[in-house]
């Protein structure tokens, strides 16, 4: 009887591990959204922004942040949002997962990031807009339009 229970426990444990692996694989969120060049640095994005006249879209995110994963999975995967960001901005990713890194800590402080995810639209070193938290695609598009309009005035 005891060996049957041990066998049953082993089978159930194996099934749980496989189920968890399949679930987490299906729920994975890309670390860096596909429309952002993961090799582009903040300074390079600022330089490209100055050259092109397009504002930089700065996404400050952390791997451990549930709201960040949700934003990437939803609003930042929306085809209209992605198209708008590709057409109108120089997107750059700041990985706050490395918040112990003094360079990242200094940047998040300089950008006045108080929560994750943070999205900042910048042009010529000036902040056009600052938004923190997980937002629906329609609200993100509205914020982007309003923030970009500030650069025209």
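Can we say residue 96 is in contact with a helix residue (DSSP H, G or I) (Cβ under 7 Å, 6 or more places away or on another chain), surrounded by 20 or more Cβ atoms within 10 Å (Cβ to Cβ) and modelled with pLDDT under 95?
Details: in contact with a helix residue (DSSP H, G or I) (Cβ under 7 Å, 6 or more places away or on another chain): yes; surrounded by 20 or more Cβ atoms within 10 Å (Cβ to Cβ): yes; modelled with pLDDT under 95: yes.
For residue 96, the condition - in contact with a helix residue (DSSP H, G or I) (Cβ under 7 Å, 6 or more places away or on another chain), surrounded by 20 or more Cβ atoms within 10 Å (Cβ to Cβ) and modelled with pLDDT under 95 - is met.
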Where residue 80 falls short, out of the listed (1) surrounded by 14 or more Cβ atoms within 10 Å (Cβ to Cβ); (2) at pLDDT 95 or above: (1)
Qualifying residue in segment 115-123 (condition: closer than 17 Å to residue 36 by Cα and touching a helix residue (DSSP H, G or I) at 6+ places or on another chain (Cβ under 6 Å)): yes
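Does residue 148 meet the test of being in contact with a helix residue (DSSP H, G or I) (Cβ under 6 Å, 6 or more places away or on another chain) and in contact (Cβ under 8 Å) with a residue 60 or more places away in the chain? Outline the logic, then answer.
Values: in contact with a helix residue (DSSP H, G or I) (Cβ under 6 Å, 6 or more places away or on another chain): no; in contact (Cβ under 8 Å) with a residue 60 or more places away in the chain: yes.
No, not satisfied.
Given the residues 136, 55, which is the only one that is touching a helix residue (DSSP H, G or I) at 6+ places or on another chain (Cβ under 7 Å) and either modelled with pLDDT under 95 or surrounded by 14 or more Cβ atoms within 10 Å (Cβ to Cβ) (or both)?
On inspection, the qualifying residue turns out to be 55.
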Test: residue in segment 114-123 that is surrounded by fewer than 16 Cβ atoms within 10 Å (Cβ to Cβ), at pLDDT below 95 and farther than 21 Å from residue 31 by Cβ: yes
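The values are calculated or read from the model by the stated rules, or taken from the named source; none is laboratory data. Fair warning: this is a prediction, and the values are worked out from it, not measured in the lab. We place every Cβ from the backbone using ideal geometry, glycine too, and count neighbours over all the protein chains shown.
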